[in-house]
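A quick write-up on the structure given underneath.
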Amino acid sequence: MKLLGAAAPAFAFGTRASAFELKGFKTPGTVDRYIDPLPIPKRLVPVANHAKATQYRVRMMEFERQMHSQLPPTRLWGYEGQCPGPVIEAFRGKTVEVRWENRLPKQHLFKVDTKIHGAMAPAPAVRAVPHVHGARTYSGSDGLPEDWLVPGQSADYEYPNEQRAAGLWYHDHAMGITRLNVYAGLTGFYLLRDDEELALKLPAGEFEVPLLLQDRTLADDGRLMYVPTLEDGTKLPPGVWGPECFGELPVVNGAIFPRMDVEPGQYRFRVVNGANARFFHLYLNLAAHPTDVPNLVRFHQIGSDGGLLSKPVAMEKLLLGPGERADLIVDFTGLAGKTVTLSNSASVPFPGWDMMVALHAPLSELMQFRVGLPSTRKGQEYSFPAQPPVARLEAAKAVLSRDFVLTERVDDTGRSLGVRINDKGYDDPVTETPTLGTMERWRFINMTDDAHPMHLHLVQFQVLERQGFDYGAFLHGGELELVGTPRPPAEHEAGWKDTAVVTPKEVLTMLVPFDGYTGRYVFHCHMLEHEDNDMMRPFQVVAAK
């Protein structure tokens, strides 16, 4: 009976697939790779541009688009009918004002789990609130998860842009359904520039390319499928929260297995890990097949979440957790006629150290660069100029230290009931009230089996160190006993960050200057399934007395 029950849906699914194949479409698992060009998001055009502010209008909309030329159109959500949304380009010191309009339909693309916090009745299924990730802005314009808009509503947000040039991004942040709204497509780029960055004369125009890395699962008819799982890989039915969601296909700038034709010269890539839960360990590979011995192309990282590093860092591999960004220079000079594959070797889930077998198929290839275009930049050879140094914060100047213990609640069968910070949920009273203009030391102590990318709103911080601790002693109520040698941040992590990964059984220590504004903000894990249930806490920045 089990076999018959399992076979029936497969038979129906196969029949439907055949109908689409007759129309010239393939199934998602059989599409040809690297035949579609990489989509490049366009710059958003302002509705008004005054001396002190640039004004934009951004609508959240439902639309249909082919994510691959061999697949039927997919129904998606996006900003201005695009996924990713249009690039908002801003300049330091000039305010950006955005009217965000919710033009979404009244029915969600996915079934909502109404048992988790924030999604319970009477909250409507369709609601959204935009958050510019990495922006230092007023509390009322931050995109707090409870400030959601329903279809037909709009809100005016103001972004002062009083911070260093950086590659930021915007995405939905609605309470209890962030994972669903972002998966549906509500993401976009926000590139903040300043005079320091422009003076470096980095690759620009068509040679500066935003790359949004995600993963998605599609049905044979093109429908977007949100399929959460338990930690053991068990798939859950629609409308049931799960601690993980890993798509079966790589998606870059909204396209499946795209390619980009490039010149044999230097390019600047503004990379965002926009996946719900997947980590990417990126490398550029000249090998023809993912199973071949890798032949790596070295690249340079020049910036992280909060802007430029003190100097370019030569790299062969780069790990990005969800929410993290990297500003990269890739030089294709000398590679004319060759193909370079953007590849990934991150475990799923990450770090996956305790798994004997893989629970999810890896996405070992994401996209390709074909070095076949004629060079248009002869005589413009690029060399790294001196970058402005990033002053390191002094730990001794922290006025307060705070500890945050990351734990996962499970039921009698071992099934996850959600992940928490200091055993508190979002609605528990605020316990962190930093004073504006001061610096604090925050320590995240990871008692779970997952690596967590911890994200703080409002601020940019610096990673101080990582260190192991005696897990057993701490678990049984003892004091936190640090073990091993503290590890300072790697060179590419030594700049300003707003998201940093804390690995299992380790302590991540960061120095956090609370500059900007007073008011309510949040910090949370940027694995969106964790954020939604209930790994997010508010904090209140208060004025000095």
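The values are calculated or read from the model by the stated rules, or taken from the named source; none is laboratory data. Computed from a predicted structure; not experimentally measured. All Cβ positions, glycine included, derive from the backbone under ideal geometry; neighbour counts span all protein chains shown. Protein only, heavy atoms only, side chains kept; ligands, DNA and RNA dropped before computing areas. Shrake-Rupley method; radii C 1.70, N 1.55, O 1.52, S 1.80 Å.
Calculated accessible area for the chain comes out at 41 Å² per residue, all protein chains present (probe 1.4 Å; ligands, DNA, RNA ignored).
Backbone amide hydrogens, once placed in the peptide plane, bring L464 within less than 5 Å of T509, M510, L511, excluding anything fewer than 5 places away on its chain.
Counting only Cβ charges, +1 for Lys and Arg and -1 for Asp and Glu, the dipole size of the chain around its Cα centre is about 1220 debye.
Among residues other than A125 with Cβ under 10 Å from its Cβ, the summed charge is +3 (Lys and Arg +1, Asp and Glu -1).
Loop-resident trypsin sites (Lys or Arg not before Pro) (DSSP state other than H, G, I, E or B) in region 207-252 with no more than 13 further Cβ atoms inside 10 Å of their Cβ: R223. Under 5 Å between amide hydrogens, built in the peptide plane, is the criterion, and for R59 it picks out E80, E101 among residues at least 5 positions away or on other chains.
Projecting the Cα positions of Q540, N446, G495 onto the charge dipole of the chain (unit charges on Cβ atoms of Lys, Arg, Asp and Glu, taken about the Cα centre) puts G495 furthest along the positive direction.
Per-residue 3J(HN,Hα) values for region 503-512, derived from phi via the Karplus relation 6.51 cos²θ - 1.76 cosθ + 1.60 with θ = phi - 60°, read 7, x, 6, 10, 10, 9, 10, 10, 9, 10 Hz in sequence order (x marks Gly and Pro). The loop-placed GluC sites (Glu not before Pro) in region 362-453, going by DSSP, that have at most 13 neighbouring Cβ atoms within 10 Å of their Cβ come out as E381, E394. Start at zero, step by 5 Å, and the Cα-Cα distances of region 441-507 spread as 3, 17, 25, 24, 17, 9, 4, 0 percent across the bins. FRET efficiency for the K397 to V47 pair, using the beta carbon distance and R₀ = 45 Å, is estimated at 0.55. Summary of packing: across the peptides 100-112, 28-40, the per-residue average of other C-beta atoms within 10 Å ranks them, highest first, as 100-112, 28-40. Per atom type, the chain shows carbon and sulfur on 55% of its accessible surface, probed at 1.4 Å.
Taken one residue at a time, the phi angles of region 467-479 give Karplus couplings (6.51, -1.76, 1.60, θ = phi - 60°) of 7, x, 8, 6, 4, x, 5, 6, 4, 9, x, x, 6 Hz. Gly and Pro are set to x. Whole-Hz Karplus values for region 251-259 come out as 10, 10, 6, x, 10, 8, 6, x, 10 Hz, taken residue by residue from phi with 6.51 cos²θ - 1.76 cosθ + 1.60 and θ = phi - 60°; glycine and proline positions read x.
Only Lys, Arg, Asp and Glu carry charge here, each on its Cβ (+1 for the first two, -1 for the last two); on that basis region 115-246 has a dipole of about 420 debye about its Cα centre. Take the Cβ atoms of E162 and V227, set R0 to 60 Å, and the FRET efficiency comes out at 0.90. When Rg and the Kirkwood radius Rh are both evaluated on Cα atoms of region 411-545, their ratio Rg/Rh stands at 0.97.
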